[in-house]
Each structure stands twice: as structure tokens, then as C-alpha cells.
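Undergrad: Quick one: the structure is below, questions incoming.
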Amino acid sequence: MSTSATVTRVGTLGDLAALEGTHIGTSSWFAVEQDRIDTFADATGDHQWIHVDVERAAAESPFGAPIAHGSLSLSLIAPMWGEGLTVG
């Protein structure tokens, strides 16, 4: 699925205070594919089966498929944030 981002633009970081409690924008949708999860596992050394073993995760995981590492999910905030908010 792909959608366009909605962007909030502010002139300075000081302008952010006025936006407290409001919706500031959304990033585009993107899929977190298994190759990204595998690459992250290689980079971090975290090769837990629930992330990288597709067959085992399908059979044994309560999610029915591999799941992304929590740290990978958190790291994706930066590019999504950059799509939804522009300062300057």
C-alpha cells in the first residue's frame, strides 16, 4: 500500500510549541519486508528465530509470521518523522 505523506511546515523549532497536542502529519506507508529484517539482524547480530526464520515463525509464533525487531521499528521513526514535519 502506498499513500502520500501529509506535511506540516514550521519556520523554526520554536514554532513547534504551538503545535503541541495537534496532528503534525503522516509519512507514506511502506512495507517492512523480510529482507530489511534480515539485514537488520545481520547488522545487530540478533538472529532470533521469531525475526528471521520464516517457516518456524509461521508454525510457532502467535503472529503467524516473522516480526520486525523492536529496535528496527524504532529506527524507522526518523525517516517517517522527516516526511511528516519540515522545519526551516
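The values are calculated or read from the model by the stated rules, or taken from the named source; none is laboratory data. Just so we're clear, the structure is a prediction, and the values are computed from it rather than from any experiment. Note that we place each Cβ from the backbone using ideal geometry, even for glycine, and neighbour counts take in every protein chain shown. When the accessible area is computed, the model is the full protein with side chains, heavy atoms only, and any ligands, DNA or RNA have been set aside. Shrake-Rupley method; radii C 1.70, N 1.55, O 1.52, S 1.80 Å.
Undergrad: If you project the alpha carbons of the stretch 1-43 onto their three principal axes, what span does each projection cover, largest first, in Å?
TA: The principal-axis extents, from largest down, are 41, 25, 18 Å.
Undergrad: Also, quick follow-up: What part of the accessible area of the chain, given as a whole %, is carbon or sulfur when the probe is 1.4 angstrom?
TA: Carbon-and-sulfur percentage of accessible area, whole number: 58.
Undergrad: Moving on to the next point. In the chain, with Lys and Arg counted as +1 and Asp and Glu as -1 at Cβ, which of these residues, MET80, ALA41, LEU16, has the Cα nearest the positive end of the dipole, that is, farthest along it?
TA: LEU16
Undergrad: Shifting gears a bit: When the Kirkwood radius is taken over all Cα pairs of the chain, what Stokes-Einstein diffusion coefficient follows at 37 °C and 0.692 mPa s, in µm²/s?
TA: Value of D from the Cα-based Kirkwood radius: 216 µm²/s.
Undergrad: Sort HIS69, HIS47, HIS23 by heavy-atom solvent-accessible area, probe 1.4 angstrom, most to least.
TA: From most accessible down to least: HIS23, HIS47, HIS69.
Undergrad: May I ask you to rank SER73, SER4 by accessible area, largest first, using a 1.4 Å probe over the protein chains only?
TA: Accessible-area ranking of SER73, SER4, largest first: SER4, SER73.
Undergrad: Might you work out the accessible area of PHE30 for me, using a 1.4 Å probe with all protein chains in place, and round it to the nearest 10 Å²?
TA: Per-residue accessible area (PHE30): approximately 80 Å².
Undergrad: Another question, then. Hey, can you grab everything whose amide H is under 5 Å from the amide H of LEU85? Only 5+ residues off in sequence or another chain; H modelled, so Pro and N-termini drop out.
TA: THR8
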